[in-house]
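The values are calculated or read from the model by the stated rules, or taken from the named source; none is laboratory data. Remember, predicted model here, so these are calculated numbers, not experimental data. We place every Cβ from the backbone using ideal geometry, glycine too, and count neighbours over all the protein chains shown.
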Amino acid sequence: MAQERGVRSALGLLATEEEVALVRRTGLNVRQGLTDQLPVPDASASVVVCNSVLLVVPRENIPASLREMYRVARPGARIFVGEIPFVERQAPPQFNSRREALAHLYRKNGLRTWFGMLRRMAWSEITGKPVVIEAGTAISFFAMPEEFIALARDAGLQIVRYWQSDYPNTRNNYLFRKSN
């Protein structure tokens, strides 16, 4: 997306080396990194995008993750943090087959979620590793806007605005700035 918009350089971060190896084959610039230990130099990013990531980060790592975003951002940088749930996540439904699970995901969450799970299932077949390491309910982060904004302020970020996601409508998107 960044390349299509004419950005000079962009870096993607993925949680595992296996994911990095797969994505690098497409020619994209990616590295392995976790949100609370970004492999990026201080004040090197004019824009930071963290979309649909923090919801799987353990609550105790959220402050460090926000501090890392602050650290890598240049003064005046925009920091977009998307899809932060504001309601507690329910236990996922159980399915009898992969086909049933994929059909449910497509109907409930659309093509992006369906494709993400299909990718995980294919990776599981190739590597023999489980599709889902953790169910997500034990480590899923959620916060009301006031709480999340306070966490971001404690990390040095200034709120510009926040808004509710269209889908799913149980999540908020946030735009912050790093002060000059």
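Table for the structure above
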read-out	value
Residue in region 100-107 that is among the small types (Gly, Ala, Ser), modelled with pLDDT under 95 and not in a loop (DSSP other than H, G, I, E, B) present	yes
Residues of region 64-74 satisfying the condition of being hydrophobic (A, V, I, L, M, F, W, C) and part of a strand (DSSP E or B)	73
Any hit, region 167-174, residues being of a type in the set (Phe, Trp, Tyr) and surrounded by fewer than 16 Cβ atoms within 10 Å (Cβ to Cβ)	yes
Hits in region 7-26 - residues which are surrounded by 15 or more Cβ atoms within 10 Å (Cβ to Cβ) and under 21 Å from residue 71 (Cβ atoms)	10, 11, 12, 13, 14
Criterion violated by residue 33 - all others in (1) without any contact (Cβ under 8 Å) to a residue 12 or more places away in the chain; (2) under 18 Å from the mean Cα position of the chain (by Cα); (3) under 19 Å from residue 79 (Cα atoms) satisfied	(1)
Residue within region 61-77 that is closer than 25 Å to residue 121 by Cα and of a type outside the set (Phe, Trp, Tyr) present	no
Residue within region 79-92 that is aromatic (Phe, Trp, Tyr), at pLDDT below 90 and under 16 Å from the mean Cα position of the chain (by Cα) present	yes
Some residue of region 50-64 being modelled with pLDDT of 95 or more and of a type in the set (Val, Ile, Thr)	yes
Which numbered condition residue 77 misses (of (1) in contact (Cβ under 8 Å) with a residue 12 or more places away in the chain; (2) closer than 30 Å to residue 169 by Cβ; (3) in a helix (DSSP H, G or I))	(3)
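Yes/no per residue for (1) surrounded by fewer than 17 Cβ atoms within 10 Å (Cβ to Cβ); (2) aliphatic (A, V, I, L, M); (3) in the same structural domain as residue 159 (by TED's automatic domain parsing):
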residue: 28; (1), (2), (3): yes, yes, no
residue: 44; (1), (2), (3): yes, no, yes
residue: 65; (1), (2), (3): no, no, yes
residue: 71; (1), (2), (3): no, no, yes
residue: 84; (1), (2), (3): no, yes, yes
residue: 100; (1), (2), (3): yes, no, no
residue: 103; (1), (2), (3): yes, yes, no
